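Everything below concerns the one structure shown next.
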Amino acid sequence: MSIYYGMVKHNTVIFPDLVQLTEGLRVQVKLLPPQGWSESSEEQFERQLLELGLLTEIKSDTTSFAERDLAQIAGKPLSEFILEERR
């Protein structure tokens, strides 16, 4: 197996002049992130699971904690309850 790097122009992969591929050759295209871009370790882990077939898709979490509704609980605040239990 050989690895060649090229660039997409007008929906066609362009390789350096030295690369000659045989007609009918089966190829696999792997999209690389843009230069200077780095994934978090969690994103890398999810991508590896996807490549191994252990995930079928990577879902993006677009809801931030600030946008989520807080659960309303009756009774004392949890911090007071914990302090009382420790006494």
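Read the figures in this text as sums done on the coordinates, not as results from a lab. If you're wondering where the values come from, they're calculated on a predicted model, not measured in any experiment. Here Cβ is always computed from backbone atoms with ideal geometry, including for glycine, and neighbour counts include all displayed protein chains.
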0 to 90° range, to nearest 10: angle between helix 41-52 axis and the chain longest Cα axis: 60
message: I'd like the trypsin sites (Lys or Arg not before Pro) in the stretch 1-44 restricted to DSSP loop residues with at most 16 other Cβ atoms within 10 Å, sorted by number.
response: ARG26, LYS30
- prompt: In Å, what is the Rg of the alpha-carbon atoms in the chain, and how long is Dmax?
  reply: 24.9, 79
- prompt: If r is the Cβ-Cβ distance from ASP17 to SER79 and R0 is 41 Å, what FRET efficiency results, to the nearest 0.05?
  reply: 0.05
